Amino acid sequence: MARMNMVQALNSAMDVMLGRDPRVVVLGEDVGYFGGVFRVTDGLQRKYGEHRVLDTPIAEGGIIAAAIGMGSNGLKPVAEIQFADYIYPGFDQVVSELARLRYRTAGEFYAPVTIRTPCGGGIRGGQTHSQSPEAIFTHVCGIKVVMPSNPYDAKGLLISSIEDDDPVVFFEPKRIYNGPFDGDPHKPAVPWSGHPRGEVPDGHYNVPIGKAEVVREGKDVTVLTYGTMVHVVEAAVRGLGIDAEIVDVRTMAPLDVDTLCTSVCKTGRCVVVHEATRFNGYGAELVATVQEHCFWNLEAPVQRVTGWDTPYPHAFEWDYFPGQARIAAALKHVLEAA
Amino acid sequence: MTPRSRLHVPAPPARPGQEPDFSYVQISPAGAVNRPDVTAAVRDIEYLSDGLVRVLDEGHRAVGPWDPHLDAAELQVALRHMLLTRLFDDRMQKIQRQGRISFYIKSTGEEAVAVGAGMALQPGDMLFPSYRQQGLHVVRGRNLVELMCQCLSNTHDMCKGRQMPIMYHWGKGNIFSISGNLATQFPQAVGWAMAAAIKGEDHIAASWIGEGSSAEADFHYAMTFAAVYQAPVILNLVNNQWAISTFQGFAGGERRTFAQRGPGYGIPGLRVDGNDFLAVYAVTQWAAQRARQSGGATLIEHVTYRAAAHSTSDDPSRYRPKEEWRAWPLGDPVTRLKAHLIALGEWSEERHSDLHKELEAHVTACWKEAESYGTLTGGPSLDPLTMFEDVFKEMPANLVQQREELRALRAAQPAAAPAAPSVAQEG
């Protein structure tokens, strides 16, 4: 066991996989010599050579297309898109090609590509370095969508993603790369070293794709959330002193309906929290799922706490970010309903 | 008058009712373009992107430095592949007109592009075609029944009913899947080639794109990645003059050849007579040899003419002169290779007529077999429940549930069927 932050845990996942499986290659902008703008691939090219860890031209569509070609030729590419906000030039290659290659060839061709990309705000990134576009990708049949909330899960889920023969879009909430963030930007940063999920095995292990996790058991209300917001929700729940059950969704697609709905059916109340915009956001799918499976157990309408339906504004990010106050208000509202 | 800006909107030289005019096509005499060593530096061979590599001359002889010196037996095989491709296309077009398949795309007039390249490559080389290179399947010996079954979406359809007609793939034959979206295969081929080099294999990749879809960003991605990594790939741009109704000027071909884009990226650009089987074979062989020697990628512009409609859904008489194909200065690839073989004393009208009959009978027999595996309107039919397979390697719970919903719905359709089990879950 070692103490790792999320950057180190992700780096360790790729290190383990590059070492174990000669088919694994890492490619992306600045990932090679420099080690990535967030340092996630630091040292990997030095260790595995420039044929296994490749710097690429600035062309997200080209990176994803090349990864598809490599994947169809027996490699297991791990492509980094430097910011989730930059992924759109590659969107056609994801939606029309990567997601459907297995389907359209009845299983004869497939490309086991993992696309890693940092997402989320709270880093003064403005509207082009803060987006959380996970919902867009969950609407595409044929790709798995993952977002870890801590170093342990990050490493285990990334290893599972690389080992998976289906394509995975792996979102990394960059606000919590270096420590769990409770939503209060005025407090000093907290490192992962003091967090139980900052304990990360050095070697190989899996956290399964498609499994949510109850990160706090409780009986009053269920909060469904993922990524950075797991920690903000935990702080809001602590602040209110309520007995909430917090479920870290971890995999957006395929969704672990059982874990989510078992919890909501138990507590009878539910709040959905994500950083992405609200309208047609991933929360809409969660609420619909809860409604379908838990309607007769619900004591109150399900609430959503999300980013506003605006682009992520540079100067007002803490008014935009769905922080503890908004989460607490929604929790109180749901708990006070008859 | 103050000068002001003005848009140039490209217009083809002739519209319906006007005389065809191909004076814009720059043509070099057969044998006139020098053949450099495959190791030549890009800057020293830029002339290849401006000239037009041709081997067959007006007297049907093979001339000049690009003559691949194939023996008569190989030429006869090439003629057979091209003619079979044409007859297969003709039959499938007729079948579509009879309403027995939903859609088809012919490659008439462009058979040499696929057959010439296909024959010059090795079986282990991976092909990433667009939708008008069915000749590649013919070259690699694909049973036409399999292609027909795909067009029929029947029980032997390789795509299990998931793709429109002609979107073939062939894992064993090393022919990649046709997406249906244009240009996406071009940078994928580069990635495949990069992987071959990473693995230390000597297979190369080849891809085909139309001049029309070369306007997509994917073309630029492919060229950039191929140039940057010197990937072992042949990037074929088929300039057949027409992208549905827009002529090649709308893809940017008015002032520079498409081949000239190659040197702009640092890749050799070759412009070849796409209706000259020998020339296509020769340039492909050159590019393949260069790629296998770590010389990197080559862009080949095949100058040809789309003699058929874009697809069975298209009516070219609405946008180009009806008889324009007759005026195409590079002739017909099948006629030219046939004339060459006759000039060599290795073929005759009689043998050609016999071959024609033999291949027609073969196509007829294939169609008969294909229909026995199911038609659009008659059984046997694919099981619709298979639509949930292959979305993922293993079926996730939501798809299992949806499959059961459909199963129940279908079971409920006949009056005597038992009631469908409830799929609703209690909260």
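Values for this structure:
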read-out: Sites A:Arg3 and A:Asp55 - FRET efficiency at Förster radius 45 Å, r taken between beta-carbons, to 0.05; value: 0.90
read-out: FRET E, pair A:Lys211, B:Ser23, Förster distance 60 Å, beta-carbon r, rounded to 0.05; value: 0.35
read-out: Residue exposure sequence - A:Arg102, B:Arg261, B:Arg80 - by fewest surrounding Cβ within 10 Å; value: B:Arg80, B:Arg261, A:Arg102
read-out: Kirkwood-based Rg to Rh ratio, region A:213-336, C-alpha trace; value: 0.94
read-out: Peptide A:250-259, shielding by other chains (average Cβ, 10 Å cutoff); value: 2
read-out: Residue order, fewest to most surrounding Cβ atoms within 10 angstrom, among B:Arg410, B:Arg336, B:Arg43; value: B:Arg43, B:Arg410, B:Arg336
read-out: Percentage, to the nearest whole number, of Cα pairs in region B:76-117 over 14 Å apart; value: 48
read-out: Estimated inter-spin distance, B:Asp37 and B:Thr155, nm [label 7 Å along Cα→Cβ]; value: 6.1
read-out: Vicinal HN-Hα couplings computed from phi for region A:38-50 (Karplus, 6.51 cos²θ - 1.76 cosθ + 1.60; Hz; Gly/Pro x); value: 9, 6, 5, 9, 4, x, 6, 5, 4, 7, 10, x, 7
read-out: Projected area averaged over orientations for region B:205-352, convex hull of C-alpha atoms, nm²; value: 10.7
read-out: Full-extension gain in nm, B:Asp71 to B:Ala412, via 0.36 nm per residue minus C-alpha separation; value: 116.3 nm
read-out: Furthest towards positive pole of dipole, B:Pro187, B:His220, B:Asn275, structure part chain B, Cβ charges; value: B:His220
read-out: Local net charge near A:Asp92, Cβ-Cβ under 13 Å (Lys/Arg +1, Asp/Glu -1); value: -3
read-out: For region A:128-161 and region A:31-66, distance of Cα centres in Å; value: 19
read-out: Proximal lysines relative to A:Lys187, as straight alpha-carbon distance under 18 Å, when same-chain residues fewer than 8 apart are discounted; value: A:Lys174
read-out: Viscosity 0.692 mPa s, 37 °C: Kirkwood-radius Stokes-Einstein D of chain A over Cα pairs, µm²/s; value: 164
read-out: Computed over chain A: relative contact order in percent, which uses C-alpha pairs under 8 Å that are six or more apart; value: 16
read-out: Lys/Arg +1, Asp/Glu -1 at C-beta; the protein assembly as shown dipole; positive extreme among A:Ile242, A:Thr138, A:Val215; value: A:Thr138
read-out: Dipole of region A:54-190, positive direction: furthest Cα of A:Leu101, A:Val190, A:Met70, with charges on the beta-carbon; value: A:Val190
read-out: Largest-first principal axis extents, alpha carbons of region B:1-56, Å; value: 52, 36, 15
read-out: Calculated SAXS-style log₁₀ I(q)/I(0) at q = 0.05 Å⁻¹ - the protein assembly as shown, Debye, Cα scatterers; value: -0.31
read-out: Sequence-distant aspartates and glutamates (8 or more away, or on other chains) whose Cα lies within less than 18 Å of B:Lys357; value: B:Asp89, B:Asp90, B:Glu349
read-out: Taking chain B and dividing mean pair separation by its residue count, relative contact order in percent (alpha carbons under 8 Å, at least six apart); value: 22
read-out: In order through region B:46-54: 3J(HN,Hα) via Karplus (6.51 cos²θ - 1.76 cosθ + 1.60), integer Hz, x for Gly, Pro; value: 5, 4, 5, 8, 9, x, 9, 5, 9
read-out: Shape of region A:1-151, Cα gyration tensor, a/c cut at 1.5; value: oblate
read-out: Cα gyration tensor shape of region B:42-372, rounded if a/c is under 1.5, else prolate or oblate by comparing a/b with b/c; value: rounded
read-out: Exposed-site-free run, longest, chain A (rule: GluC sites (Glu not before Pro); DSSP loop; at most 13 other C-beta within 10 Å); value: A:51-216
read-out: Total charge dipole magnitude, region A:1-158, about the Cα centre, Cβ charges on Lys, Arg, Asp, Glu only, Debye to nearest 20; value: 460
read-out: Cα gyration tensor shape for region B:148-221, rounded if a/c is under 1.5, else prolate or oblate; value: oblate
read-out: For region A:2-200: relative contact order, % (alpha-carbon pairs under 8 angstrom, 6 or more apart); value: 25
read-out: Amide H partners (placed H, <5 Å) of A:Val305, local residues excluded; value: A:Val272, A:Val273, A:His274
read-out: Built amide H within the under 5 Å cut-off of B:Leu52, gap 5+; value: B:Ser28
read-out: Ranking of A:Met1, B:Met194 by count of other Cβ atoms within 10 Å, fewest first; value: A:Met1, B:Met194
read-out: Net charge over other residues, Cβ less than 13 angstrom from the Cβ of B:His69 (K, R count +1; D, E count -1); value: -1
read-out: Convex hull volume per residue in cubic angstrom - Cα atoms of region A:1-87; value: 91
read-out: Evaluated over region B:324-393, the Cα radius of gyration and Dmax, each in Å; value: 21.2, 57
read-out: At most 15 other Cβ within 10 Å, DSSP loop - chymotrypsin sites (Phe, Trp or Tyr not before Pro), region A:199-298; value: A:Tyr205, A:Phe279
read-out: Equivalent ellipsoid dimensions for region A:110-188 as semi-axes, Å, which come from the Cα gyration tensor, largest first; value: 25, 15, 8
read-out: Test item: Cα-centred dipole of the protein assembly as shown, Lys/Arg +1 and Asp/Glu -1 on Cβ, debye; value: 500
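Coordinate-derived values only; no laboratory data. Not measured: the values here are computed from a predicted model. Glycine also receives a Cβ, built like all others from the backbone with ideal geometry; neighbour counts cover every protein chain displayed.
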